[in-house]
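The values are calculated or read from the model by the stated rules, or taken from the named source; none is laboratory data. Worth saying up front: this structure is predicted, and the values here are computed from it rather than measured. Ideal geometry is used to build each Cβ from the backbone, glycine not excepted, and the neighbour counts take in all protein chains shown. Note: accessible area is taken over every heavy atom of the protein model, side chains too, but ligands, DNA and RNA are not part of it. Shrake-Rupley method; radii C 1.70, N 1.55, O 1.52, S 1.80 Å.
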Amino acid sequence: MTDKKKILLSGVKPTGRPHIGNYFGAMKQFADLQDEYDARVFIADYHAITTVQNAAELSRNTLDVALDYLAIGIDPKKTLLFKQSDLPELCELAWIFNCITTMPYLMRAHAYKDAEAKNKEINVGIFDYPILMTADILIQDADAVPVGQDQKQHVEYARDTAEKFNRIFGETFKLPNSLILDHVKIIPGTDGQKMSKSYGNTIALFAEFEDIKKAVMSIPTNSQGVDESKDPEKDNIFALHKHFADAEEIEEIEKRYTNGGLGYKESKEILISNIEKFIAPLREKRKEFAKDEDAVRKMLKENGEKAREIALSKMKEVKKAVGLY
Ligand code: TYM
């Protein structure tokens, strides 16, 4: 890691098992970009408390996400891999940001509006989620934040807040940009909506074969027969083929859909086989890392200490700017 490299920062919430939407939309980029950037990737355990309110579950999920990161190729020698709660300064910084943020501004957040529209109970943590995320990003002086489309607005909150802070207290924060890849910005779930843990439409990133099969078989289809012509762009199976088949196979599937001759059952079987081919090696790698959980905990602790040094140094600047000295 040299100082000249741009800083990449992103995280995943340990609220359950990551799915292939999390992987293609964000996590894959963390691994792909770790040589090019000064990469910092974390497990967002503070954010998870907004929904996971059981100590054993949160702690288990947190270690699981660490194993997931390692299994997809995030190398702790290249990436600063840590857990968010090892940086308590994030809560301190979020408080300072809260004091320059208005309620109507936070009320415009999509996640808040969705929860309200669904009459969900909204705790203050959920309401303030974008501001803690802002602290995550700005405390690291991040340049690039690889995320899926659903987090774009949150990165904009970070940018706006950096600008506002700089305007009030003087130049302190860098303005971050989200890094969103167009072809993977919204990975669809088995029901065609965005894949999401809260919609129950996921395919877990480390799913066992039987679970992959069950998930794919649950994809709803219409009643068109094998020989009938089908519009691939209106088919949830095809939407997923695009992420697991190579270009030649996609073209072949597309042709067979359009000309007739490819039934939904066979299409699902092809998808199951391709997903299994993709996931099987990841599953094996994960099992290897899981054999020594103590080593993973030790790595998180050491990296947490390094990440905290960065946070403390930034907080010195912030406190000086605000007058907390
Ligand atoms: P989380 O755990 O909900 O999601 C992790 C990442 O997965 C992306 N994602 C998707 N991308 C494409 N298609 C989908 N169907 C899909 N579903 C999820 C999300 O956009 C996200 O990038 N709030 C963050 C965690 C976080 C964070 C941060 C990220 C906390 N602080 C600071 C960046 C910087 C989140 O949604 O995690």
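Computed from label points 7 Å out along Cα-Cβ, the spacing between K152 and L324 is 3.3 nm. Rounded to the nearest 20 debye, the dipole magnitude of the chain is 860 debye, with +1 charges on Lys and Arg beta carbons, -1 on Asp and Glu beta carbons, and the Cα centre as origin.
Shape class for segment 174-238, computed from the alpha carbon gyration tensor (a ≥ b ≥ c): oblate, with a/c not under 1.5 and a/b at or below b/c. Annotation: amide H-H contacts under 5 Å for N201 (H modelled 1.01 Å from N, sequence separation of 5 or more, or interchain): S196. Dipole of the chain computed with +1 at Lys/Arg Cβ and -1 at Asp/Glu Cβ about the Cα centre; of Y23, I139, N274, farthest Cα towards the positive end is I139. The fraction of accessible area contributed by carbon and sulfur in segment 206-285 is 50 percent, rounded to a whole number (1.4 Å probe; ligands and nucleic acids excluded).
Taking each of K194/K319; K197/K234; K285/K306 in turn, the alpha-carbon distance tops 30 angstrom for K194/K319.
Taking the 0 to 90 degree range and rounding to the nearest ten, how far is the long axis of helix 293-322 tilted relative to the main principal axis of the chain, both from C-alpha atoms? Compared with the principal axis, the helix lies near 50 degrees. Compared with the dominant Cα axis of the chain, that is its longest principal axis, helix 55-71 is turned about 70°. Note on the chain: Kirkwood hydrodynamic radius from all Cα pairs is 21.2 Å, rounded to one decimal. Note that segment 206-285 shows a convex hull volume over its alpha carbon atoms of 77 Å³ per residue. Converting phi to 3J(HN,Hα) with the Karplus coefficients 6.51, -1.76 and 1.60 and the offset θ = phi - 60°, segment 190-202 yields 5, 9, x, 6, 4, 5, 7, 4, 7, 9, x, 10, 9 Hz in sequence order, with x at every glycine or proline.
Does anyone have the angle between helix 264-290 and the longest principal axis of the chain? Alpha-carbon axes, 0 to 90°, nearest 10? Taking the Cα atoms of the chain, the angle to 264-290 is about 40 degrees. Helical content of the chain, expressed as a calculated mean residue ellipticity at 222 nm, amounts to -16500 deg cm²/dmol (DSSP H runs of 4 or more residues, -39,500 (n - 2.57) each, divided by residue number, nearest 500). Residues in the chain average 50 Å² of solvent-accessible surface per residue, probe 1.4 Å, ligands and nucleic acids excluded. Across segment 72-80, coupling constants 3J(HN,Hα) worked out from phi with the 6.51/-1.76/1.60 Karplus curve, θ = phi - 60°, read 8, x, 6, 9, x, 7, 9, 10, 7 Hz, and Gly and Pro carry x.
For a Förster distance of 30 Å, can you work out the FRET efficiency between the beta-carbons of D211 and D294, rounded to the nearest 0.05? Calculated transfer efficiency: 0.60.
When a/c is below 1.5 the answer is rounded, else prolate if a/b is larger than b/c, else oblate, so apply that to segment 36-107 with a ≥ b ≥ c taken from the square roots of the Cα gyration tensor eigenvalues. Verdict is oblate for segment 36-107.
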